[in-house]
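Report on the structure given below.
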Amino acid sequence: MSMPFYVSPEQLMKDRADYARKGIARGRSVVVLQYDDGIAFATENASRALHKVSEIYDRIAFAAVGKYNEFENLRVAGVRYADLRGYSYDRVDVTARGLANAYAQTLGTVFTTESKPLEVELVVAEVGHVPDGDQIYRLAYDGSVTDEHGWVVMGGQADRLDSVVSAGWSPGMTLPAVLGLAVAALGTPADEGGTQREIPAAQLEVAVLDRTRPRRTFRRLSGPLLEDLLQA
Amino acid sequence: MTHPDPTASGRLPYAFTTPGSSSFVDFLASHAPTLLPGNRPVPVGDVQAPHGTTIVALAFDGGIVMAGDRRATMGSMIASREIEKVFPADEYSAVGIAGTAGLAVELVRLFQLELEHYEKIEGSLLSLDGKANRLATMIRGNLGLAMQGLAVVPLFGGFDLDRRTGRIFSYDVTGGRYEEHDHHAVGSGSVFARGSLKKLWRPGLDAAEAVRVAVEALVDAADDDSATGGPDSTRRIWPVVATVTEAGYLRVSQDELAGVAAASEERRRVTHTDRGGAR
């Protein structure tokens, strides 16, 4: 057996991080925004079946960018985690914080111990009974967690889109207003001086956690309903 | 390069990230088998536990009605006057359970979760037949307890979104699944309820008439079966009655049931002349 070359831990972690970041940057962005009655998720996605935004539990949703097979696996794990917890204790005992911690440990462990990091970035959001109770956690490929307020943009060109959203977002916006902002941000040209794209409703995947709904608050918005909201 | 003990690192155990199954029951069986009702040691000898009684279901134009009385008994004692035995299984189906109350409620909880879990993971609803078969599998898992007298006998019904019609399924303790036509009843008062349903049910009922027929059947069951509770106007406890239609599961309101129960009582009162008591 030949001796492997020595690679410093710094270099090893940097290589892995670069690799994960490159994979994530290839995908389209997801925008998550708080509004007066809940939390909205929007992304450009032509598929009606392969979702990037999904329901985890009564008040918890999941949004992801990166490699589909990897985040799909994490999504299913999240549903299992939440349902098991809700079954063992009670439905109100399932929290986004607990799920975010489980995801963070998983992402962190894979990042440091397995040969390839997961090329995903996640948002775990929980809608509260009042806007102050909303929680949005952003999880990076290496397991780092940030507690976000107001909005999150992740995926390719996250920085450019983030500046658009941060300029337009304010607390207490309505659903049509945040969706308009989200679609405008998603249509932002990739380069300075490019033209703004108009994304038709059929190309959008939009979902909300609506705090006014009883029990299961997650709802997908599509078809005529979404068109009406975008025109409002 | 994998960690020798995945749980030691704090990551989600591999059972969570193993792809393939959309069933919560299968997941529990592999990850936490002690949480499954069928995997517990079977008690020896007689177990005294509250029993839930009569459930009726009938089809009407555009859906089904399911209704259950509110009594649970333990031997000759009334264990509960306001137990609920009819539940939404998911948006388009209802399940009512007669038998050992504790096991029944646990089974319903697991069944509801099984359907929701599938829906979340697959992104689509199970077919009505698929739901009925899942319930049969879960009943079968309870066979050991059923042999000890702790049987759970459900009645399942829902709106079939493919066939655009309401359908009813009954079960036996071994997990046998039988599709019922028009109407059915389970539990100790079911003999009397079935007789009542036979006379009162007719094709082409609307939802309000079907609710009335369901309540009448429960009143008839309560009349002759001591384990079935009738409408209790003193405490204002009415049966749990729900309709399942294209619009989904809808529980009939307390006010409507109070009206239906009062009308039923009035109708019965006028047919009885005074037979006297102590004079």
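Side notes on the structure shown:
- Scan of the range B:107-128 for residues that are touching an Asp or Glu at 6+ places or on another chain (Cβ under 8 Å) and open to solvent by 20 Å² or more (accessible area, probe 1.4 Å), ordered by number: B:Q112, B:E119, B:L125, B:L126, B:S127
- If you go through the range A:44-66 and keep only what is in contact with a strand residue (DSSP E or B) (Cβ under 6 Å, 6 or more places away or on another chain) and surrounded by fewer than 20 Cβ atoms within 10 Å (Cβ to Cβ), you end up with just A:N45.
- Flag if B:A104 is surrounded by 17 or more Cβ atoms within 10 Å (Cβ to Cβ), touching a residue at least 60 places away in the same chain (Cβ under 8 Å) and either farther than 20 Å from A:R80 by Cα or under 13 Å from the mean Cα position of the chain (by Cα) (or both): no
- Test: residue in the range A:41-62 that is small (G, A, S) and closer than 19 Å to B:L12 by Cβ: yes
- Elements of the type helices (runs of 4 or more DSSP H) sitting completely within the range B:59-156 and holding at least 3 residues that are at pLDDT 95 or above and farther than 19 Å from B:A221 by Cα: these cover B:101-122, B:128-140.
- For the range B:46-58, the set of residues classified as open to solvent by 40 Å² or more (accessible area, probe 1.4 Å) and either within 20 Å of B:F87 (Cβ to Cβ) or of a type outside the set (V, I, T) (or both) consists of B:D46, B:Q48, B:P50, B:H51, listed by residue number.
- The range A:174-221: number of residues that are under 17 Å from A:S54 (Cα atoms), in a loop (DSSP other than H, G, I, E, B) and touching a Leu at 6+ places or on another chain (Cβ under 8 Å): 1
- With respect to being within 14 Å of another protein chain (Cβ to nearest Cβ), under 29 Å from A:A61 (Cβ atoms) and surrounded by 15 or more Cβ atoms within 10 Å (Cβ to Cβ), B:L135 falls outside the description.
- Total residues in the range A:77-93, condition of a type in the set (V, I, T) and open to solvent by 20 Å² or more (accessible area, probe 1.4 Å): 1
- Scanning the range B:19-31 for residues that are in contact with a helix residue (DSSP H, G or I) (Cβ under 8 Å, 6 or more places away or on another chain), more than 7 Å from chain A (Cβ to nearest Cβ) and farther than 14 Å from B:R134 by Cβ turns up B:S30, B:H31.
- Positions within the range B:157-211 being assigned to a strand (DSSP E or B) and in contact with a Lys or Arg (Cβ under 7 Å, 6 or more places away or on another chain), in sequence order: B:G157, B:G158, B:D160, B:F169, B:Y171, B:E179, B:A185
- None of B:A57, B:A79, B:A67, B:A49 is touching a His at 6+ places or on another chain (Cβ under 6 Å) and away from every other protein chain (no Cβ under 14 Å) except B:A57.
- Checked against the criterion of being open to solvent by 30 Å² or more (accessible area, probe 1.4 Å) and on the phi < 0 side of the Ramachandran plot, the candidates B:D160, B:D223, B:D182 yield just one match: B:D223.
- Residue under evaluation B:A8, criteria (1) at pLDDT 90 or above; (2) within 14 Å of chain A (Cβ to nearest Cβ); (3) more than 26 Å from B:F169 (Cα to Cα), criterion not met: (1)
- Close contacts from the range A:59-83, counting a first residue that is more than 8 Å from chain B (Cβ to nearest Cβ) and among the acidic types (D, E) and a second that is outside any strand (DSSP E or B) and open to solvent by 20 Å² or more (accessible area, probe 1.4 Å), with Cβ to Cβ under 6 Å and a gap of 6+ residues or different chains, come to A:E70/A:L118.
- Among the residues listed as A:A102, A:A96, the single one being within 14 Å of chain B (Cβ to nearest Cβ), surrounded by 20 or more Cβ atoms within 10 Å (Cβ to Cβ) and closer than 20 Å to B:P13 by Cα: A:A102
The values are calculated or read from the model by the stated rules, or taken from the named source; none is laboratory data. This structure is a prediction, so every number in the text was calculated from the model and none was measured. Counting neighbours? That spans all protein chains shown, and the Cβs are built from the backbone with ideal geometry, glycine included. Each accessible area value is taken on the protein alone, full model and side chains, heavy atoms only, with ligands, DNA and RNA left out. Shrake-Rupley method; radii C 1.70, N 1.55, O 1.52, S 1.80 Å.
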